[in-house]
Amino acid sequence: MRETAASAPIPYRLRVSARATRMRIVIHRDGVEVVVPARTSPAAAERFVASSRDWIERMLAKLPPPEPPEAPDPFADLPLFAHASPPRTPVRIDAVALQGMGRAVPVKYVQAPMLRGQATMIEPASRPNTLVIYCADPAAPPRRAVRTLLREWVREQAKAFFPDYIHALADELGIRRPREIRIGFQRTVWGSRSVSGRISLSATLLFLPPHLLRHVAVHELCHTLHMNHGSRFHEALARHDPLAERHSIELKKAESFVPSWIRET
């Protein structure tokens, strides 16, 4: 903000516009903006504001009162709740759906009073397709602790699933198997391949539909043939994934398949 030298200065923002041919004043809810052509001196802008003082004060007086600050999120401190919008109703996570490997695992919460603020999880042999989380209050399990448990469980599922999956796909396509497969929680990419032959995949791929998971895997395997994204790479990708263009478009919106709790920091 800049201020005039007047006894009751009017603060304003100065914005230089290459397209402006004259000075003008814009009244916003959050203050006054002065738009000036290029090479206008600050002193000229200050004189312009001073000369327009009466008009500025009238316009500011007509503005509606400021909106009250947004109320705190009533669910922000609730443990392990995903926000549905709209309405913003807390929904406890009762299952982890890994579409890519065709597996949906229910999550059960069991009371263990001694585990205050903590949680522990097992996949019992008697119910191998169920995750049992022990915590002090099953109605409000500790968010951070449970998130850590579920993330690690998803990572272990990915570590167990991807090597056989990638190797079988490479054999099917007639492409050399990768030297190494690493699993993480990459935030900006679904997968990548290094020049050394290592393929890195995000564990969140397991939440994607099978055809998009396969598309990412084929993409990275095609980098075994061509490390860049040139025409030869795209020819190989189209040969092994005839719907590659459509899948690539779908992939841009695929984060919607990944639950919010797995991306929390």
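The condition of being in contact (Cβ under 8 Å) with a residue 40 or more places away in the chain, assigned by TED's automatic domain parsing to the domain that holds PHE161 and assigned to a helix (DSSP H, G or I) holds for only one of LEU225, LEU201, LEU237, LEU221, that being LEU221.
When each of LEU169, LEU149 is tested for being surrounded by 13 or more Cβ atoms within 10 Å (Cβ to Cβ), assigned to a helix (DSSP H, G or I) and touching a helix residue (DSSP H, G or I) at 6+ places or on another chain (Cβ under 7 Å), the lone residue that passes is LEU169. If you go through the stretch 193-218 and pick out every residue that is farther than 14 Å from LEU251 by Cβ and in contact with a helix residue (DSSP H, G or I) (Cβ under 8 Å, 6 or more places away or on another chain), you end up with 4. The residues of the stretch 98-120 that are surrounded by 14 or more Cβ atoms within 10 Å (Cβ to Cβ), in contact with a helix residue (DSSP H, G or I) (Cβ under 8 Å, 6 or more places away or on another chain) and under 29 Å from ILE166 (Cα atoms), listed by number, are LEU98, GLN99, GLY100, MET101, VAL107.
Conditions tested, residue by residue: (1) surrounded by fewer than 18 Cβ atoms within 10 Å (Cβ to Cβ); (2) within 26 Å of ARG176 (Cβ to Cβ).
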{"residue": "GLU220", "(1), (2)": "no, yes"}
{"residue": "THR224", "(1), (2)": "no, yes"}
{"residue": "HIS229", "(1), (2)": "yes, yes"}
{"residue": "LEU237", "(1), (2)": "no, yes"}
{"residue": "HIS240", "(1), (2)": "no, yes"}
{"residue": "LEU243", "(1), (2)": "yes, yes"}
{"residue": "ARG246", "(1), (2)": "yes, no"}
{"residue": "GLU250", "(1), (2)": "yes, no"}
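Considered as a group, the residues in the stretch 28-46 that are modelled with pLDDT under 85, not small (Gly, Ala, Ser) and not in a loop (DSSP other than H, G, I, E, B) include one that is surrounded by the most Cβ atoms within 10 Å (Cβ to Cβ), and that residue is PRO42.
The values are calculated or read from the model by the stated rules, or taken from the named source; none is laboratory data. Since the structure is predicted, the reported quantities are computational estimates derived from the model, not experimental observations. Reconstructed Cβ throughout: ideal geometry from the backbone, glycine too, with neighbour counts over all protein chains shown.
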